[in-house]
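Here is the structure we will look at, set down as structure tokens.
The values are calculated or read from the model by the stated rules, or taken from the named source; none is laboratory data. Being a predicted model, the structure only gives us computed values, none of them experimental. Neighbour counts are summed over all protein chains in view; Cβ atoms, including those assigned to glycine, are modelled from backbone coordinates with ideal geometry.
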Amino acid sequence: MISFGPSEEQELIRNSLRDFAARVLRPAARAADEASELPAGFLDQSWELGLTATQLPAALGGGGEARSPVTNALVLEELAGGDAALALAATAPSAFAFAIADHGTAEQQKRLLPRYCGSRFASGAIAWVEPSPVFDPIALATVAEAKGDKFLLSGKKRFVVMGDRADELLVIARNASSAVGGFAALDAFVVPRGAAGLTIGEREKLLGLKALPAVSLTLDRVEVPAANRLGGERGIDARRLLASSRAASGALLTGLARAVMEFAIPYAKDRHAFGEAIAQKQAIAFNLADMRIETDAMRWLVWKAASFLEHGRDATREAHQAFGYAAERAVKISDDGVQVLGGHGFIREHPVEMWYRHARTLSVLDTVAAL
Amino acid sequence: MISFGPSEEQELIRNSLRDFAARVLRPAARAADEASELPAGFLDQSWELGLTATQLPAALGGGGEARSPVTNALVLEELAGGDAALALAATAPSAFAFAIADHGTAEQQKRLLPRYCGSRFASGAIAWVEPSPVFDPIALATVAEAKGDKFLLSGKKRFVVMGDRADELLVIARNASSAVGGFAALDAFVVPRGAAGLTIGEREKLLGLKALPAVSLTLDRVEVPAANRLGGERGIDARRLLASSRAASGALLTGLARAVMEFAIPYAKDRHAFGEAIAQKQAIAFNLADMRIETDAMRWLVWKAASFLEHGRDATREAHQAFGYAAERAVKISDDGVQVLGGHGFIREHPVEMWYRHARTLSVLDTVAAL
Amino acid sequence: MIDFTLSGKDQEVLDYIRSEALVARKYARHYDENEHEFPPDELPEAVNFPGAFAVMGKLGPEDSGPVVLGMLITAGQTWGDYSVRMRRGRGVGLGNAALAASGSAEQKAKWGGLLLSMAITEPGCGSDPSLVQTSAVLDQTTNEWVVNGEKIFVTTGCRAEGAVVWATLDKSAGRAGIKSFFIPKTAPGFIVSHKEKKLGIRADDTAAYVFKDCRIPRDHLLGGKEEIPKGSSGGFRDVMKTFNMTRPMTAAFGLGMSQAALDFTRERLEAAGVDLAYGAGIHGKSAAADRFQRLEALQEAAMLTVLNAAWLSQNGKPNNLEASISKAKGGGAVREITQGCIDLLGPLGVSREHLVEKWFRDVRITDIYEGTGQIQRLIIARTILDYGRGELK
Amino acid sequence: MIDFTLSGKDQEVLDYIRSEALVARKYARHYDENEHEFPPDELPEAVNFPGAFAVMGKLGPEDSGPVVLGMLITAGQTWGDYSVRMRRGRGVGLGNAALAASGSAEQKAKWGGLLLSMAITEPGCGSDPSLVQTSAVLDQTTNEWVVNGEKIFVTTGCRAEGAVVWATLDKSAGRAGIKSFFIPKTAPGFIVSHKEKKLGIRADDTAAYVFKDCRIPRDHLLGGKEEIPKGSSGGFRDVMKTFNMTRPMTAAFGLGMSQAALDFTRERLEAAGVDLAYGAGIHGKSAAADRFQRLEALQEAAMLTVLNAAWLSQNGKPNNLEASISKAKGGGAVREITQGCIDLLGPLGVSREHLVEKWFRDVRITDIYEGTGQIQRLIIARTILDYGRGELK
């Protein structure tokens, strides 16, 4: 049944997160961006929201609620409405834990998930992006060679979100033994921070999302036990892992675009030129109308992908559309937001130039979050 | 030296053709489109302009003026400003004759060009397009097999402009003997209408350019003497042939777009709604401004490609840009033109809907004209 | 609960609509090339078809509901053809919607059964109804309205048995002076001057009317309110109501055709060996796949705005903003999608041997009628800016 | 005669500019990351460089001419970096252009040698100069102007030795009341309040000024006309003249940087094995080639509108329309091109280890300063529609 109606519970979650985003994320965003640092105490503060634990099995100490990509899409949009960099930092543990919950064996879940149900911030990170000008998430250079009951991982990774503090990393690699390429060849391995041959590189310097810690990695024949191959013998459902991640980026981009729109509308009504508010000029007014049209469209595409994931259906196409469409539109909307503000849009006194950098940065990262 | 200044002679030609387009082409265009027929006597009337003969060698009866792709770009823009279908019909002989003049051996020129210097309309046609949903002008299915001092041509062609009445056809084919593909493998052959194995199919039914006769062809092991291989031993400069053709389509599309703009501007000033001329609405006014910005840009790209051709330089990149850019913008401008007229833009009383069809049709045809 | 999957019943109905559409499509080219003919009310093949309502039966709570499903059905029908349908019901003209919106109970009962067209636009007024020049003057002696004026772009104008006509009682009163009248084709002075020749939807019956001292009984004024309210735009709001339901519907009309263009393009390209599979990033695909997938995303995005507007009205929520969003988005999307499909098909796409060029022409009306994209953006902007017409013109 | 090829001399000059740009580029990242520092007037490497004018020597009839070549040189310089140049001449500030346009012979002689900034924009007025609040009141007793107000976005504002400041003699007179004054940094009450922190061109010196009872001699009014012309916008036209030459120039600034982004992207993609060759149709290339080639065409199109505006002024023809066309086209193109290059480079494109992300930020000013794209479209539309400001607002 096609329905655009969030449940009452989802409405509550959405409202409380909208409030949290306005109270905590938005006010801290600019200083965090200028300092290239997360606000002190932010991770613990956001951890108290229980975003990760709520959807983990009760038996392992979690909230025991069903995994809900749709609810998470609402969560990510609201958080990104406050600030996309802080939203990614706050939900990085979910990206790791949900991957374990969705693809891990019972043993792996038992072994890895309890930490994410605790009272203290637990850090896990996903290592997927690689340093290639023609990077393609389903054609990886990082390989995993089976060697007895172990795997040897070799390759380079970039933009590993929260990798600077992660105790464990989920490394996405191409299984050397796989005849076919593409999705079927993808595997995921849990690699402890201390693993021999794993070098955590320096912090990435980015255009936007500066407050978000991200690092590069080098894996030089890193040995991991077969038990750390996510999903064990059967491996992972790579289509689902990528779809979840792409739809999540789409949700973040939707929140980001909405922030621009909600900032530009009152600004354009307040700002006067040539004898009237600039919002009274058709060129500006229609631009704002398009922001509204597109943020709606972005959201529905994300919800559709999330709904498919929630029903356990293949969402490769839907997530591809949700991310691709949101990426294009978020860049356009934040770019237009700068234009609405004119000279003030170019100055770091206003958040719009930061959102333009955030949007352009996030829109090339489709493997850093999860629903 | 970079210069945007036409010579005095070019200004004269431009003005006389602008006048011819307004007097002859524009008034006849709608009826010709509805009837899917060229206006009676049009070909003879346009032949008197001497567009083809002027740039052919004096020794062969031509005007003896230097071949000037730049001048021809001006000519095509003006004619298409009257009507693109009639412009293509009027210049079809040039497309054939200029190919012979630019790529043919002295013998071939001596044999083939005099007809195009005569007082009566001479018809030659170029057969390049093929019936494939993934048609690519430099990857052809039509092949030419060398057989002794002959070639055997086999394949299917589509959208052969004026092919219904052409006495001779220039068939573009892939040389079966060529190891490499792409430009290097392209050859052109002069095929007389009566050739055995050549079947002239029925007339094409098109979205736009309806007045323009175009047919499909089938070549079933058509035998042509080696003497009919354009350029003889060395063959043709396929890059130049395609560049000339693409830049020509760009010039036609520029004239077409300009016609839309020049029709929309007075219409928008005349048409009133909500208490003022619709041209006074920023949304419409900015749309018209963009039409002007883009028709300028289209023209300069075409001129640059034409200038490179005139200097004998490789214009592959410039012509690719001129055609690709003009194709996108002409469709957009004619589409916006329909929108400026609103309901009236959808009615066949006004020329704009016809220009929208012309633009969409011509913008997928980059091998039907020449500079 | 947010959900974007179809129920078994939903799918069953849409599959049936597809089977109807495939029949209608057989006739599409014929009626496009022969625009003087009218498609029949019932196609020969229709005799044995149960019809959508029979297949739908009673919808359950797990199904998508009548309005949302209605949008999918609409798009499913125009996927076959815009003008040719398996069956054309009676009393489904735009005029019937107007009668339903502003007519009295008695008037609805009396004329509701007829096929009614809606005559609004005039040669001199496009999107601005306050410019209506057609006048209605009461002849006290005979108690008749005397109507004079011209109307254009009247949908089903030739086949309708009567028309709901906008006419003004007092030009100086602007919008407030405009009233809707029911005028039967039989009324003296009701002249169908011609059928419009159009870029697309050629088989569609679009007429121009002339009213020359056309006399109708006094009780033919819809709603019966003869006085002109002062100040406010008065009865005009009621009159405008007619549009609120039709915006998402017209977007769905267009999106059914752009979907047809996408499906045809995919079929041809895949047959030619082009890989259009989703998953790979930009560096894992061809130019054709990249462009095609962006067009498909645009189609999906536009259709979802339509379904959102429908879902709101189905749940009794206000949807004026969302109706305009769906119309603005759909109107632009169908242009871009059909244009893009032709880029991908090349010369084949502009040949009348296939229907893509027809869909390209047919969808062009989407962004024009029922309020152009510009008008929709005015409505959207005024809403989000909380502006009145005075503040944003 | 229409020609788009470069002369040997043209090419020689541009090759030299490229060699300068490559040096400047070495410093680009440093001054971006350390925005409190100012790039030096002369880079150490510059000592042995002859400079563009020396290389240019005397241009012949076969060369492209000073204005056209000047645009190519400008783009060639920003290809290296917007803010870091091999050499910064004196007397080349925007204020110097204003002095040249509206100053008296004596004033030009006196102040022309100084580096002058141009102070127009105020916190409350963006593109609408008639909202200028900064006031200049004549103190008859001392024969001095007393200036009060705030100015922002003042280019080279920190380093300038003086500023040309727009102030009004009578707010009620609107545009007509606005005059230009020369104010040396040494004037009492001239306060450089801060250097702006920006999205891009961070190394560029952009300041905010405050004038607090700032006193300057009576003869510091440029042109000396103290009376306010009635009716017409009076001296304002002269004041606006300043802009006519700078629009194509600012577009060229941006296009130099978008060209740099394209060149970097091509280099990286080709090194990774992507075929970007021209010739094949849409079905003969990859998604990356398709997108890249469309961006290159956009770059070319925009640059040609700049050259056209330059060529017209070089030949003494009016170019007000074409100047706005080049600014509008360039301002939009550089945004789309730098955004598109990042799409093609992926994550690498947003890393500060490369300059693409910087070019993406730096070019963003192009569509804002010297009149936004919206202002340029107003100028273009008014011109082609033959409308005045009253008819198209």
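Tabulated values for the structure
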quantity: Qualifying residue in the stretch A:206-222 (condition: away from every other protein chain (no Cβ under 14 Å), of a type outside the set (D, E, K, R), more than 27 Å from residue D:349 (Cα to Cα) and not in a loop (DSSP other than H, G, I, E, B)); calculated: yes
quantity: Matching residues in the stretch A:279-297 - criterion: being in contact with an Asp or Glu (Cβ under 9 Å, 6 or more places away or on another chain), among the hydrophobic types (A, V, I, L, M, F, W, C) and either free of Cβ contacts under 8 Å to residues at least 12 places away in the same chain or more than 7 Å from every other protein chain (Cβ to nearest Cβ) (or both); calculated: A:291
quantity: Test: residue in the stretch A:35-46 that is touching a Lys or Arg at 6+ places or on another chain (Cβ under 8 Å), in a loop (DSSP other than H, G, I, E, B), more than 14 Å from chain C (Cβ to nearest Cβ) and farther than 30 Å from residue C:13 by Cα; calculated: yes
quantity: Selected residue [among the β-branched types (Val, Ile, Thr), without any contact (Cβ under 8 Å) to a residue 12 or more places away in the chain and not in a helix (DSSP H, G or I)] from B:160, B:180, B:191, B:171; calculated: B:180
quantity: Residue list for the stretch C:43-79, restricted to those being touching a residue at least 12 places away in the same chain (Cβ under 8 Å) and either farther than 25 Å from residue C:314 by Cα or touching a strand residue (DSSP E or B) at 6+ places or on another chain (Cβ under 7 Å) (or both); calculated: C:43, C:45, C:46, C:49, C:50, C:51, C:64, C:68
quantity: Filter result for the condition that a residue is farther than 25 Å from residue C:160 by Cα and outside any loop (DSSP other than H, G, I, E, B), over C:69, C:6, C:99, C:59; calculated: C:69
quantity: Filtered residue count, the stretch B:246-277, keeping only those that are under 17 Å from residue B:336 (Cα atoms), buried (at least 24 other Cβ atoms within 10 Å of the Cβ) and either among the hydroxyl-bearing types (Ser, Thr, Tyr) or out of contact with any Gly (no Cβ under 8 Å at 6 or more places or on another chain) (or both); calculated: 3
quantity: Pairs where the first residue, in the stretch C:292-303, is in contact (Cβ under 8 Å) with a residue 24 or more places away in the chain and within 7 Å of chain A (Cβ to nearest Cβ) and the second is among the hydroxyl-bearing types (Ser, Thr, Tyr) and part of a helix (DSSP H, G or I), C-beta under 7 Å, 6+ apart; calculated: C:301/A:325
quantity: Matching residues in the stretch C:23-44 - criterion: being under 17 Å from residue C:362 (Cβ atoms), assigned to a helix (DSSP H, G or I) and among the hydrophobic types (A, V, I, L, M, F, W, C); calculated: C:24, C:28
quantity: Any hit, the stretch A:342-353, residues being part of a loop (DSSP other than H, G, I, E, B) and either within 13 Å of residue D:361 (Cα to Cα) or at the interface with chain D (Cβ under 8 Å from one of its Cβ atoms) (or both); calculated: yes
quantity: Some residue of the stretch A:330-341 being on the phi < 0 side of the Ramachandran plot, surrounded by 24 or more Cβ atoms within 10 Å (Cβ to Cβ) and of a type in the set (Lys, Arg); calculated: no
quantity: Single unsatisfied condition, residue C:80 versus (1) small (Gly, Ala, Ser); (2) surrounded by fewer than 18 Cβ atoms within 10 Å (Cβ to Cβ); (3) in a loop (DSSP other than H, G, I, E, B); calculated: (2)
quantity: Verdict on residue D:328 being more than 16 Å from the chain's Cα centre (by Cα) and away from chain C (no Cβ under 14 Å); calculated: no
quantity: Number of positions in the stretch C:146-182 that are of a type outside the set (Gly, Ala, Ser) and out of contact with any helix residue (DSSP H, G or I) (no Cβ under 7 Å at 6 or more places or on another chain); calculated: 13
quantity: Qualifying positions in the stretch C:368-393 - touching a residue at least 60 places away in the same chain (Cβ under 8 Å), within 11 Å of chain A (Cβ to nearest Cβ) and in contact with a Phe, Trp or Tyr (Cβ under 9 Å, 6 or more places away or on another chain); calculated: C:374
quantity: Meets criteria (part of a helix (DSSP H, G or I), in contact with a Ser or Thr (Cβ under 9 Å, 6 or more places away or on another chain), more than 7 Å from chain A (Cβ to nearest Cβ) and on the phi < 0 side of the Ramachandran plot) for residue D:365; calculated: no
quantity: Qualifying residue in the stretch C:28-42 (condition: surrounded by 19 or more Cβ atoms within 10 Å (Cβ to Cβ), in contact (Cβ under 8 Å) with a residue 12 or more places away in the chain and in contact with a Leu (Cβ under 7 Å, 6 or more places away or on another chain)); calculated: yes
quantity: Check on residue B:324, more than 8 Å from chain D (Cβ to nearest Cβ), within 27 Å of residue B:89 (Cβ to Cβ) and in contact with a helix residue (DSSP H, G or I) (Cβ under 7 Å, 6 or more places away or on another chain); calculated: no
quantity: Selection count, the stretch D:225-265, where residues are at pLDDT below 90, surrounded by fewer than 18 Cβ atoms within 10 Å (Cβ to Cβ) and closer than 24 Å to residue D:366 by Cα; calculated: 6
quantity: Selected residue (criterion: nearest to residue B:76 (Cα to Cα)) from residues of the stretch B:251-291 that are of a type in the set (D, E, K, R) and over 23 Å from the mean Cα position of the chain (by Cα); calculated: B:290
quantity: Scan of the stretch C:108-167 for residues that are small (Gly, Ala, Ser), assigned to a loop (DSSP other than H, G, I, E, B) and within 14 Å of another protein chain (Cβ to nearest Cβ), ordered by number; calculated: C:124, C:126, C:127, C:157
quantity: Residues of the stretch B:298-317 that turn out to be assigned to a helix (DSSP H, G or I) and at the interface with chain D (Cβ under 8 Å from one of its Cβ atoms), as a count; calculated: 10
quantity: Boolean, residue A:258 is within 9 Å of chain C (Cβ to nearest Cβ) and within 21 Å of residue C:297 (Cβ to Cβ); calculated: no
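Residues are listed down the side, and each one gets a yes or a no for (1) at pLDDT 90 or above; (2) more than 18 Å from the chain's Cα centre (by Cα); (3) under 27 Å from residue D:199 (Cβ atoms); (4) acidic (Asp, Glu):
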| position | (1), (2), (3), (4) |
| --- | --- |
| D:34 | yes, yes, yes, no |
| D:37 | no, yes, yes, yes |
| D:41 | no, yes, yes, yes |
| D:44 | no, yes, no, no |
| D:48 | no, yes, no, no |
| D:57 | no, yes, no, no |
| D:64 | yes, yes, no, no |
| D:67 | yes, no, no, no |
| D:77 | yes, no, yes, no |
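Yes/no matrix, rows are residues, columns are (1) touching a strand residue (DSSP E or B) at 6+ places or on another chain (Cβ under 8 Å); (2) aliphatic (A, V, I, L, M):
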| position | (1), (2) |
| --- | --- |
| A:84 | no, yes |
| A:87 | no, yes |
| A:95 | yes, yes |
| A:110 | no, no |
| A:118 | no, no |
| A:126 | yes, yes |
| A:130 | yes, no |
